[in-house]
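Novice: Take this structure first; my questions come after.
Every number in this text was worked out from the coordinates using simple rules, so none of it is lab data. A quick note: this is a predicted structure, and the numbers were derived from the prediction, not measured. Neighbour counts are summed over all protein chains in view; Cβ atoms, including those assigned to glycine, are modelled from backbone coordinates with ideal geometry.
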Amino acid sequence: NAGVTQTPKFQVLKTGQSMTLQCAQDMNHNSMYWYRQDPGMGLRLIYYSASEGTTDKGEVPNGYNVSRLNKREFSLRLESAAPSQTSVYFCASVKGTGGDYGYTFGSGTRLTVV
Amino acid sequence: QKEVEQDPGPLSVPEGAIVSLNCTYSNSAFQYFMWYRQYSRKGPELLMYTYSSGNKEDGRFTAQVDKSSKYISLFIRDSQPSDSATYLCAYYSGNTPLVFGKGTRLSVIA
């Protein structure tokens with residue numbers, strides 16, 4: 001089925017470990033986004049890529065890095081995980097920049113840092 | 001202050017009730033408003049969107065924008081238990097990422 005695929009779905013890390021969250025879309029979308037969702041905080045933008053070859057910081061970029069590998073794939077890396085990064089992470093994509101299309105979201109990655 | 005405010009709820013209503021979900025915004029330059037629905041342990045999905053100056057109806061759902069009071073609303077008629085979810089409003093103001101409200105959790109009781 002067409003859409004946004006995130007891997008893994010669940011992950012437990014120890015403090016200081018690193019990991020990469022993967023996101024791929026097969027809808028030929030130009031823009032891709034990484035959000036985190038925490039109770040009472042809503043969706044907060046971490047990084048985004050408006051087009052292949054570009055990335056920009058969002059509201060909460062500290063502790064994360066991203067790579068737009070190609071038009072389909074946008075990965076999020078935690079270099080040294082901290083308990084404050086325990087969250088649900090969502091990847092999203094959109095054909096243009098979001099105005100009249102809306103974002104398509106993946107099903108999320110639940111990350112726990114102990 | 002976040003540019004779009006949304007009451008987190010939770011909101012609990014009986015089946016068949018009319019539900020009103022609301023957001024307030026501060027920036028008059030907004031172009032599009034959107035409503036997303038998020039079921040438990042799932043990603044948000046686009047429910048409907050409307051331009052800053054109009055209303056839009058889709059089945060049991062109506063999105064409304066009141067520019068004079070900077071208020072956006074989502075009405076659900078004949079609510080069903082399957083409507084139980086978190087509803088997030090969002091706005092788009094041109095070439096920047098969508099900004100989301102924190103979401104309102106709705107429970108429709110059979």
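Novice: Taking R0 as 30 Å, what FRET efficiency do you get between residue A:38 and residue B:69 from their Cβ-Cβ distance, rounded to the nearest 0.05?
Specialist: Rounded to the nearest 0.05, the efficiency is 0.50.
Novice: Is any residue of the stretch A:1-45 close enough, with backbone N under 14 Å, to a label point placed 7 angstrom from the Cα of residue A:114 along the Cα-Cβ axis, and if so, which?
Specialist: A:11-17
Novice: Let me ask something additional. Using the crude model of +1 on Lys and Arg Cβ and -1 on Asp and Glu Cβ, and no other charge, please compute the dipole size for chain B relative to its Cα centre, in debye to 20.
Specialist: 220 debye
Novice: Now for a separate question. Is there a simple number for the mean count of other chain Cβ atoms within 10 Å of the Cβ of residues in B:100-106, and what is it?
Specialist: 3
Novice: Report the Cα centroid-to-centroid distance between the stretch B:1-39 and the stretch A:56-111 in angstrom, as an integer.
Specialist: Between the Cα centre of the stretch B:1-39 and that of the stretch A:56-111, the gap is 23 Å.
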